[in-house]
Amino acid sequence: MKKIFAELGKFHNFIAISLFLIFSISLLRMQSLVNQELSPPECRVKKWDVPLSLTNKNIFIQNKKVVLIERTPITCCQSDTSCLDEIIYGKIQDKKALLTAIDRSLQYLQTEAAAAAYQKYPVAGISRDRVFKSLQRFREILLKTNSATELHTAIEREFVYYQSVGKDNKGTVLFTAYYEPLYAASRVPTAEYRYPVYQLPPNFNSWSKPHPTRLQLEGADGLQGAKGKLRGLELFWLRDRLEPYLIQIEGSARLQLTDGTQTTIGYAGNTAYNYKSIGRELVNDGKLPLEGITMPIILDYFQKHPQDLNIYIPRDRSFVFFQENHGEPAQGSINVPLTAERSIATDKSLMPPGALALIRAAIPFVNSTGNMEERITSRYVLDQDTGGAIKGAGRVDYFLGTGKIAGDRAGVTVSDGQLFYLLLK
């Protein structure tokens, strides 16, 4: 699920971020989606911003800047259905998904990795024990309550919020989304399946720096890997030049193999280069306009100009290696499987790993007519992932699941919202 950056680590999904983010981070928000079910202005904006009275409360200081602000839970407006995570009490599987994500975070919080992470965690008042007990109590309440209103009332009574000050010190957080793509692939090269993804070289730690660039490793056309350091490291072959690159962007993929079976691959390592956005490069070269750019627009450009793939993909010097995960779901940076619409990625130098959070943002959904529409949505999520491009208090990447619909939604997810962590009083 993010991007390819110099910080390696052992995180499967360290690099996964949404295709939209990869191609158009810092580009303008698309205007074409229709906002529906909008709450009144005082509920939609003012009520959710960091209160001015709290901005001087130094919960955590990094470079003399407050990052998290403790505040009481927000009382919902009576007519504001977007204030509540109502989907939990709709279909049984929706509550089950949240419980699954909670259990995975509880599992992580009992590991040595979590102990080490929280030993170094710099936010005063947020400890592994407090996060663990908060999750346990939230889980108990979730099982006992029968409505979103009842759940919210219990949270107001027992929990406090730690709100991210966001990118503007007012609580504004930029939300994007990512997903696990599904592609056709082959275990052996054929005339149809020519473009490889590669496993991590066994001697990778001995590679001298600077590492070879993408161009040096696989050539401009993506077919020259067998002539150099990548020889014999081919893991699977895909049909399209762009697909292996998009898998590197997302950090994982589900593959439909030619023998009718499926498997999964996930992040195993990457070269020590920062990612360069090919979407940004297209804009810089005047190939596409800055305003309104989305992933579908970028993909459409390359469909019409496939020869340009050999120009723009090599401009990104970074390169990602994979391992076969034999059907296991995509994992986050805390080494637990991600849960669709219940897992997020944040900057783990600032935000508590595995913790329970509430997000509120405009998220695109496919409506009954098959069109995409935005709805301001509140969701309880678990902070289970990270990404090299997800930096600072003003960024969240939202995991939307596997396959085309998830990809379509991720490709047009970009909105400002708010991020809160829920902890017991």
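Observations
- Prolate/oblate/rounded label for region 257-396 (Cα gyration tensor, a/c 1.5): rounded
- Among Arg360, Arg379, sorting on how many other beta-carbon atoms sit within 10 Å of each Cβ, with the fewest leading, yields Arg379, Arg360.
- Looking at region 113-166, the trypsin sites (Lys or Arg not before Pro) that sit in a DSSP loop and have at most 13 other Cβ atoms within 10 Å of their own Cβ are Lys120.
- Above-threshold pairs, the threshold being 18 Å between Cα atoms, out of Lys209/Lys229; Lys47/Lys133; Lys167/Lys348: Lys47/Lys133
- Positive dipole terminus of the chain, leading residue within Phe302, Thr258, Ser415 (C-beta point charges): Ser415
- Cα gyration tensor, region 77-123 - rounded (a/c under 1.5), prolate or oblate: oblate
- Range of Cα positions in region 193-257 per principal axis (Å), largest first: 35, 21, 21
- Exposure proxy ranking for His211, His305, based on other Cβ atoms within 10 angstrom of each Cβ and starting from the fewest, stands as His305, His211.
- Counting neighbouring beta carbons within 10 Å and listing from fewest to most, the residues Ser349, Ser79 come out as Ser79, Ser349.
- The chain: antiparallel DSSP beta bridges as a percent of all, rounded to 5: 75
- Student exercise, the chain dipole from Lys, Arg, Asp, Glu Cβ charges, in Debye to nearest 20: 1020
- Extent along principal axes [Cα atoms of region 288-364; Å; largest to smallest]: 44, 35, 26
- Helical mean residue ellipticity (222 nm; -39500 (n - 2.57) per DSSP H run of 4+; nearest 500) of the chain: -7000 deg cm²/dmol
- What you get for region 89-190, charging only the Cβ of Lys and Arg (+1) and of Asp and Glu (-1), is a dipole of about 80 debye around the Cα centre.
- As computed over region 112-188, the Cα convex hull volume per residue (Å³): 250
Each reported figure results from applying straightforward, stated rules to the coordinates on display, with no laboratory input. Owing to the predicted nature of the structure, the values given are computational and were not obtained by experimental measurement. All Cβ positions, glycine included, derive from the backbone under ideal geometry; neighbour counts span all protein chains shown.
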